[in-house]
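The values are calculated or read from the model by the stated rules, or taken from the named source; none is laboratory data. Owing to the predicted nature of the structure, the values given are computational and were not obtained by experimental measurement. Positions of Cβ are backbone-derived with ideal geometry, glycine not excepted, and every protein chain shown enters the neighbour counts.
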Amino acid sequence: MRKSVLVAVTATALLVAGSAPAYAQRAEVSAFAGWTLADGVSGDTVEGGDGNRYNRIDPKDSASWGLSVGVFASENAEVGFLFGQQKTTLQAGGTNTREVDNLTINSYHPYFAYNFGEGYSRVRPYIMVGIGATSYSDLNYTSAGGQQRTISGETRLSTTWGGGVKAYASDNVGVRLGLQWTPTYIKSDAAGWWCDPFWGCYVVGNSQYANQFQLSGGLTVRF
């Protein structure tokens, strides 16, 4: 599943780049690293083998990094592909906080960005939005009762939203500072019944998202 998602979003980015006009063959590559504040989701309360009650799981805040490749469709409009990775630890929370296992979170997002200012300005603020997928690695851990357990990784639909500024020391090389928010859909909990005179009654859900808030900086090169 994760491989098919990566192939699909990469193909999308290449298709957009290949169909762009001659002006769009100007490109920009960025590498960045930073710190990510992350949260997870809540669920039913369960009693662990250690006697504590647990009702949510959360990734710990940790370092993260990423790469992006963009092609300019105009002086300001940019389309591209963004990869991000956070290596962290998954925690179970409730009356106690317990570390479950190491967790790797990878994100894959084709994106659109708008860069303010003229094409070769030394300072260019930007905003961006992308849609793609976030992948969570397998978990292998020992439960509070001493049992060995494995939870298979999952890939979920996600979006990413961000903005920041690029400052160039020359026409081609500069630094990039940015803030990025990536909400990932995890599940929906039943929130009750909704009744309509035309469509009848049906169960409505309360969607839960895992969120990553990244503050980063890095190097950017434009061609």
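Inside segment 60-86, residues that are part of a strand (DSSP E or B), polar (S, T, N, Q) and touching a residue at least 24 places away in the same chain (Cβ under 8 Å) make up a count of 4. On inspection, Val29 qualifies as at pLDDT 80 or above and surrounded by fewer than 19 Cβ atoms within 10 Å (Cβ to Cβ).
Per the conditions (1) surrounded by 15 or more Cβ atoms within 10 Å (Cβ to Cβ); (2) at pLDDT below 90, the sole criterion not satisfied by Gly200 is (1).
Scanning segment 150-177 for residues that are of a type outside the set (A, V, I, L, M) and under 14 Å from Phe223 (Cα atoms) yields a total of 5.
Of all the listed residues (Ile105, Ile127), the sole one being at pLDDT 85 or above and more than 27 Å from Asp171 (Cα to Cα) is Ile105.
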